[in-house]
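Enquirer: Here's a structure for you.
The values are calculated or read from the model by the stated rules, or taken from the named source; none is laboratory data. Computed from a prediction, not measured in an experiment: that's the story for all the values here. FYI the Cβ positions are ideal-geometry reconstructions off the backbone, even for glycines, and counts take in every protein chain you see. Areas reflect the complete protein model, heavy atoms only, side chains present, ligands, DNA and RNA absent. Shrake-Rupley method; radii C 1.70, N 1.55, O 1.52, S 1.80 Å.
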Amino acid sequence: MALQRAEKTAVSDHGGSLDAARALFPDAPRPWVDLSTGINPHAYPLFDLPATAFSRLPEPGRIAELARLAAGAYRAGPDVAVVAAPGTQALLPLVMRQIPAGRARVLGPTYAEHGRCARLAGHAVEEVSDVAALYDADLAVIVNPNNPDGRVVARETLLALAGHMHAKGGLLVLDEAFMDVGPAAHSLGDACGEGGVVVLRSFGKFFGLAGIRLGFALGAPDLVAGLAATLGPWAVSGPTLEIGLRALADQAWQTRMRARLGAERARLDAVLATAGIEPRGGTALYAFLRDPAAPDLFAWLGAAGIFTRRFQARPDCLRIGLPDDDAWPRLEAALAAWSARNQQTDPAKEAKK
């Protein structure tokens with residue numbers, strides 16, 4: 001029984017673990033190029049933090065200012081409340097406890113942590129592939145844009161589901177972790193103030209600062225007040241608070257970065273195309289591949305010191321994030337060598353050249 005409980009609550013596999021990369025590819029050249037995450041490789045520039053960020057507890061006024069800036073950045077409506085937390089991962093089980101334990105359905109395939117956290121909150125969890133199947137749930141979960149394939153559920157569809165959940169006392173959890181680089185017109189950040197839906201936003205992915213742990217929940221004031229009470233008065237550290245305040249207020253940087261990421265995703269697609277690979281989705285931060293050659297490509301890149309995101313339940317899928325400026329030549333060289341090897345071992349491909 002103890003083993004079964006441990007299996008149910010163990011953190012699921014995810015990208016970003018160089019310990020895993022080293023174990024899989026001990027002889028790979030260093031330094032590692034980590035393309036296994038969906039994190040911006042061009043982090044918001046750090047700056048000298050005031051000593052008080054470390055020596056004093058965060059002031060309530062500064063925390064309120066952070067929530068106000070987040071509301072503006074995420075286009076929250078006037079009736080929408082916002083609370084900051086040490087990452088959206090910390091928010092997931094808290095949000096899922098806002099309704100009594102019941103039936104949870106997650107629109108998948110998607111990030112596994114939503115299902116795990118729903119189980120921690122006492123829900124019976126099922127993954128479904130159709131939005132219509134979410135209507136019978138007490139707790140419905142949608143990642144929009146989806147991780148890893150980038151699927152987007154239209155705003156009208158989300159609004160209808162949110163209204164249905166609100167009417168019956170259920171809850172829609174809408175994870176918009178990648179909406180900073182997604183189609184903002186489909187966000188519900190401006191329409192979650194009446195209940196029935198909570199919107200989660202991640203700071204670290206777009207700003208490239210995942211390690212500072214910062215995320216936000218947007219929703220009806222009473223629900224958000226309950227989350228804030230559970231989190232307590234100092235959920236966000238002093239250094240994180242200062243960085244969040246500066247970055248969220250920097251609209252010019254955000255505009256430039258969205259343009260840059262869009263251009264770099266186009267470059268990644270072009271590089272993959274030269275190797276005969278066509279992405280099947282993703283976001284501006286990563287490409288999603290569905291190809292029978294995915295396991296071979298994962299192993300080839302890993303041996304070259306380039307770590308990508310595989311999916312054990314879906315071996316034909318692979319996620320490849322954007323390289324930083326110095327890593328592009330290594331990725332391009334590794335893909336060119338992989339393509340050349342395939343041409344040499346496949347006479348049919350060679351004959352088509």
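Enquirer: Among the residues of the stretch 49-97, write down those that are under 18 Å from Val197 (Cβ atoms), free of Cβ contacts under 8 Å to residues at least 60 places away in the same chain and open to solvent by 30 Å² or more (accessible area, probe 1.4 Å).
Expert: Arg97
Enquirer: Something else now. I'd like the full set of residues that are open to solvent by 30 Å² or more (accessible area, probe 1.4 Å), assigned to a helix (DSSP H, G or I) and not polar (S, T, N, Q), limited to the stretch 216-238.
Expert: Pro221, Asp222, Leu223, Ala225, Ala228, Ala229, Leu231
Enquirer: Any idea how many residues of the stretch 28-41 are in contact with a helix residue (DSSP H, G or I) (Cβ under 7 Å, 6 or more places away or on another chain) and surrounded by fewer than 22 Cβ atoms within 10 Å (Cβ to Cβ)?
Expert: Residues that pass the stated criteria total 2.
Enquirer: Here's a follow-up. If you take the residues of the stretch 98-118 that are closer than 12 Å to Asp138 by Cβ and of a type outside the set (Gly, Ala, Ser), which of them is least open to solvent (accessible area, probe 1.4 Å)?
Expert: Ile99
Results for (1) of a type in the set (A, V, I, L, M); (2) free of Cβ contacts under 8 Å to residues at least 24 places away in the same chain; (3) out of contact with any helix residue (DSSP H, G or I) (no Cβ under 8 Å at 6 or more places or on another chain), shown as yes or no for each residue.
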site: Ser202; (1), (2), (3): no, no, no
site: Lys205; (1), (2), (3): no, no, no
site: Gly208; (1), (2), (3): no, no, yes
site: Phe216; (1), (2), (3): no, no, no
site: Ala229; (1), (2), (3): yes, yes, yes
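Enquirer: Going by the conditions given, is Ala185 in contact with a helix residue (DSSP H, G or I) (Cβ under 9 Å, 6 or more places away or on another chain), more than 30 Å from Arg56 (Cβ to Cβ) and either among the small types (Gly, Ala, Ser) or in a strand (DSSP E or B) (or both)?
Expert: Here the answer is yes, as Ala185 does meet what is asked.
Enquirer: Something else now. What number of residues in the stretch 137-177 are in a loop (DSSP other than H, G, I, E, B), open to solvent by less than 40 Å² (accessible area, probe 1.4 Å) and over 14 Å from Ile99 (Cβ atoms)?
Expert: 11
Enquirer: Still on this structure, I have one more. If the requirement is being surrounded by fewer than 16 Cβ atoms within 10 Å (Cβ to Cβ), closer than 19 Å to Arg151 by Cβ and within 19 Å of the chain's Cα centre (by Cα), which of these qualifies: Arg314, Arg258, Arg319?
Expert: Of the residues listed, the single one that is surrounded by fewer than 16 Cβ atoms within 10 Å (Cβ to Cβ), closer than 19 Å to Arg151 by Cβ and within 19 Å of the chain's Cα centre (by Cα) is Arg314.
Enquirer: Answer yes or no as to whether Thr88 is modelled with pLDDT of 95 or more and either aromatic (Phe, Trp, Tyr) or within 15 Å of the chain's Cα centre (by Cα) (or both).
Expert: In short, yes.
Enquirer: Same structure again: Return yes when Gly244 is modelled with pLDDT of 95 or more, in a helix (DSSP H, G or I) and surrounded by fewer than 22 Cβ atoms within 10 Å (Cβ to Cβ) and no when it is not.
Expert: no
Enquirer: I'd like the full set of residues that are part of a loop (DSSP other than H, G, I, E, B) and over 19 Å from Phe206 (Cα atoms), limited to the stretch 67-106.
Expert: Scanning the stretch 67-106 gives Gly77, Pro78, Asp79, Val80, Arg97, Gln98, Ile99, Pro100, Ala101, Gly102.
Enquirer: Every residue in the stretch 301-321 that is closer than 14 Å to Thr37 by Cα and either of a type outside the set (Val, Ile, Thr) or not in a loop (DSSP other than H, G, I, E, B) (or both), please.
Expert: Result: Ile306, Phe307, Arg309, Arg310, Phe311, Leu318, Arg319, Ile320, Gly321.
Enquirer: Next up: Against the definition (open to solvent by 20 Å² or more (accessible area, probe 1.4 Å) and hydrophobic (A, V, I, L, M, F, W, C)), how does Trp328 come out, yes or no?
Expert: Against the criterion (open to solvent by 20 Å² or more (accessible area, probe 1.4 Å) and hydrophobic (A, V, I, L, M, F, W, C)), Trp328 does not qualify.
Enquirer: Please verify whether the stretch 158-172 includes one or more residues that are touching a residue at least 60 places away in the same chain (Cβ under 8 Å), more than 22 Å from Pro109 (Cβ to Cβ), out of contact with any Leu (no Cβ under 7 Å at 6 or more places or on another chain) and not hydrophobic (A, V, I, L, M, F, W, C).
Expert: Within the stretch 158-172 (the criterion being touching a residue at least 60 places away in the same chain (Cβ under 8 Å), more than 22 Å from Pro109 (Cβ to Cβ), out of contact with any Leu (no Cβ under 7 Å at 6 or more places or on another chain) and not hydrophobic (A, V, I, L, M, F, W, C)), the answer is yes, since at least one residue qualifies.
Enquirer: Looking only at the stretch 278-290, decide whether some residue is among the polar types (S, T, N, Q), at pLDDT 95 or above and open to solvent by less than 30 Å² (accessible area, probe 1.4 Å).
Expert: Scanning the stretch 278-290 turns up at least one residue that is among the polar types (S, T, N, Q), at pLDDT 95 or above and open to solvent by less than 30 Å² (accessible area, probe 1.4 Å).
Enquirer: When the residues of the stretch 261-277 are filtered to those that are surrounded by 17 or more Cβ atoms within 10 Å (Cβ to Cβ) and of a type in the set (D, E, K, R), which remaining residue is farthest from Thr308 (Cα to Cα)?
Expert: By that ranking, first place goes to Glu264.
Enquirer: Can you work out which of the residues in the stretch 178-215 that are open to solvent by less than 10 Å² (accessible area, probe 1.4 Å) and among the aliphatic types (A, V, I, L, M) is nearest to Val152 (Cα to Cα)?
Expert: Result: Met179.
Enquirer: Name the pairs whose Cβ atoms lie under 8 Å apart, with the first residue in the stretch 184-196 and within 10 Å of His166 (Cβ to Cβ), the second open to solvent by less than 40 Å² (accessible area, probe 1.4 Å) and among the charged types (D, E, K, R), and 6 or more positions between them or separate chains?
Expert: Every condition considered, no pair remains.
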